[in-house]
Amino acid sequence: MILPPATLGMLGGGQLGRYFVIAAQQLGYRVMVLDPDRNSPAARIADLHIAAAYDDREALSRMAKSCAAITTEFESVPAETLAYLAAFVPVQPSAEALSICQQRSAEKNFLKAHGFPHVPYADIRSESDVSNASTDLFPGILKVVRFGYDGKGQVRVNDKEACLSAFRRLEGEPCVLEKQMALESELSIVLTRSVSGEIKRFPVAENHHQHGILDYSVVGAPGAANELSQEVAAIAEKIAVSMDYVGTLSVEFFVVDGQLYVNEMAPRPHNSGHFTLDACLTNQFEQQVRALCGLPLGDPATHSAAVMVNLLGDIWFSRQPERACEPDWGKLLAHPGLTLHLYGKHEARPGRKMGHFTVLGESFEKPYLTAMAARAAIGISDS
């Protein structure tokens with residue numbers, strides 16, 4: 001067990017790393033962040049910051065000497081980095097778990113090998129793989145296997161000809177071709193597994209996207225998230241056990257004709273789990289700290305229904321498209337029960353996650369109506 005005031009390491013300085021820093025410091029830990037950006041949100045509030053690349057061995061060695069344990073805020077960190085650090089200091093999640101989650105082919109093959117429900121797919125490494133792909137996969141979505149998130153690196157294709165054209169536009173980068181499913185809804189769950197195998201899970205969220213990016217998440221509403229919650233939890237827990245995962249893990253699901261399909265896994269806290277910051281007794285980031293340090297996991301129970309809405313950089317340009325202008329946050333803060341979170345990013349860009357807000361209530365209806373009204377007031381449209 002690693003106790004305060006030990007120093008913990010965080011690979012990555014974005015908003016997920018920032019919330020880890022806050023959670024760790026509240027528990028009495030010091031935190032060292034490694035991120036190339038000196039102005040990253042987590043670096044600005046960390047006790048220590050190393051401005052270096054994630055594969056810089058000198059920087060990693062310095063981190064290993066300074067930290068009692070190390071984790072990551074995102075899956076784009078090289079798995080080799082975690083393996084290198086693990087030779088000197090406890091690292092969670094493991095390099096093996098990260099390597100599964102950071103590469104779509106490895107992820108799909110893991111799900112298939114362990115019998116978890118997944119969307120039909122084919123690995124695409126060459127033009128001949130496109131030619132040999134089953135026609136049952138069309139219409140489909142061609143996705144790069146690495147660094148594709150929030151809709152990036154994805155192309156919808158109706159047939160093999162379109163798929164071949166898209167593969168060429170992606171310059172032959174390794175891809176997976178997934179069958180396009182008629183989605184009824186999208187669900188996600190965040191859980192934490194300790195070194196001893198204890199698992200604590202948060203309630204299932206129902207997620208709504210625009211242009212491939214999460215728009216808002218709802219917790220406590222009637223519908224698929226409620227009806228399928230036990231099945232979602234059972235599958236996610238089995239995934240964590242199958243990977244011998246330690247730390248906070250999120251699993252996304254598609255619902256098609258009432259059936260669940262695992263979409264993807266993230267070896268970290270998740271955007272759709274931000275409601276836990278305001279609606280749960282223990283949030284997803286504190287659980288990440290607890291699991292890393294071998295502490296007993298906290299109580300993830302919710303005390304309120306919640307609606308979490310993302311704030312993208314687009315709204316900074318709603319008044320003047322040619323330059324960023326700070327939104328009028330008073331339009332949000334005028335709504336009762338609303339909590340605003342801004343991440344402290346130094347530059348707004350369209351599509352960039354700049355913050356979020358959460359609305360709480362005793363039941364689903366009132367916070368949902370408030371959140372939708374606040375969302376419209378700040379300039380988020382449904383287009």
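The values are calculated or read from the model by the stated rules, or taken from the named source; none is laboratory data. Values in this document were obtained by computation on a predicted structure and should not be read as measured data. Glycine gets a Cβ as well: all are built from the backbone with ideal geometry, and neighbour counts include every protein chain shown.
Quick notes on this one:
- Residue in region 210-223 that is aliphatic (A, V, I, L, M), more than 23 Å from Asn283 (Cβ to Cβ) and surrounded by 15 or more Cβ atoms within 10 Å (Cβ to Cβ) present: no
- In region 333-349, residue farthest from the chain's Cα centre (by Cα) [restricted to those that are at negative phi and buried (at least 16 other Cβ atoms within 10 Å of the Cβ)]: His335
- Elements of type helices (runs of 4 or more DSSP H) in region 91-163, at least 2 residues being free of Cβ contacts under 8 Å to residues at least 60 places away in the same chain, surrounded by fewer than 17 Cβ atoms within 10 Å (Cβ to Cβ) and of a type outside the set (Asp, Glu): 104-113, 127-132
- Counted residues, region 124-150 - those being within 12 Å of Phe167 (Cβ to Cβ) and among the charged types (D, E, K, R): 4
- With respect to the stated conditions, Val232 is in contact with a Phe, Trp or Tyr (Cβ under 7 Å, 6 or more places away or on another chain) and within 17 Å of Gln259 (Cα to Cα).
- When we screen Ala301, Ala324 for residues that are modelled with pLDDT of 95 or more and surrounded by 12 or more Cβ atoms within 10 Å (Cβ to Cβ), the only hit is Ala301.
- Check on Val195, assigned by TED's automatic domain parsing to the domain that holds His303 and either in contact with a helix residue (DSSP H, G or I) (Cβ under 6 Å, 6 or more places away or on another chain) or farther than 20 Å from Gln288 by Cα (or both): no
- When every residue of region 170-179 is checked against the conditions, none turns out to be assigned to a helix (DSSP H, G or I), without any contact (Cβ under 8 Å) to a residue 40 or more places away in the chain, under 29 Å from Arg146 (Cβ atoms) and outside the structural domain of Val359 (by TED's automatic domain parsing).
- Tabulated pairs, region 358-383, first farther than 24 Å from Val204 by Cα, second surrounded by fewer than 19 Cβ atoms within 10 Å (Cβ to Cβ), C-beta under 6 angstrom, 6+ apart or interchain: Ala377/Lys331; Ile378/Lys331; Gly379/Ser318
- Residue within region 112-129 that is within 30 Å of Ala59 (Cβ to Cβ) and among the small types (Gly, Ala, Ser) present: no
- In the set Lys143, Lys160, only one residue is among the basic types (Lys, Arg), touching a Lys or Arg at 6+ places or on another chain (Cβ under 7 Å) and not assigned by TED's automatic domain parsing to the domain that holds Pro350; that residue is Lys143.
- Within region 29-52, if we keep just the residues that are among the acidic types (Asp, Glu) and closer than 23 Å to Arg290 by Cα, the residue that is nearest to the chain's Cα centre (by Cα) turns out to be Asp35.
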